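Here is the structure we will look at, set down as structure tokens.
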């Protein structure tokens, strides 16, 4: 290891660029979810997206929203 290489900490840094509108949405989600940081919001979003891809896309599961006695099937389109 040379003098310019930081020690390995088990974490990797990722820098993201957001439009002003997307950054505002990120902050709104952070507040709604009571997350401690925007990074926590992004990590949670990645876990949810991974679950979606594995469950719905790979295993052909169906998403439903239940409100009271009403059940609606949901399709998420990206």
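The values are calculated or read from the model by the stated rules, or taken from the named source; none is laboratory data. Values in this document were obtained by computation on a predicted structure and should not be read as measured data. Positions of Cβ are backbone-derived with ideal geometry, glycine not excepted, and every protein chain shown enters the neighbour counts.
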*Scan segment 27-50 for residues that are part of a helix (DSSP H, G or I) and either more than 10 Å from the chain's Cα centre (by Cα) or over 21 Å from residue 78 (Cα atoms) (or both) and jot them down.*
27, 28, 29, 30, 31, 32, 33, 38, 39, 40
*Identity of the residue in segment 63-78, outside any strand (DSSP E or B) and in contact (Cβ under 8 Å) with a residue 12 or more places away in the chain, that ends up nearest to residue 33 (Cα to Cα)*: 76
*Which one of these does residue 40 not meet: (1) modelled with pLDDT of 95 or more; (2) under 19 Å from residue 16 (Cα atoms); (3) out of contact with any helix residue (DSSP H, G or I) (no Cβ under 9 Å at 6 or more places or on another chain)?*
(3)
*Please identify the pairs in which a residue from segment 40-59 that is within 12 Å of residue 29 (Cβ to Cβ) has its Cβ atom under 6 Å from the Cβ atom of a residue that is part of a helix (DSSP H, G or I), counting only partners at least 6 apart or on another chain.*
41/29; 41/30
_Based on this model, can you work out whether residue 61 counts as out of contact with any helix residue (DSSP H, G or I) (no Cβ under 8 Å at 6 or more places or on another chain) and surrounded by 10 or more Cβ atoms within 10 Å (Cβ to Cβ)?_
no
*Just one of (1) assigned to a helix (DSSP H, G or I); (2) on the phi > 0 side of the Ramachandran plot trips up residue 60, so point out which.*
(1)
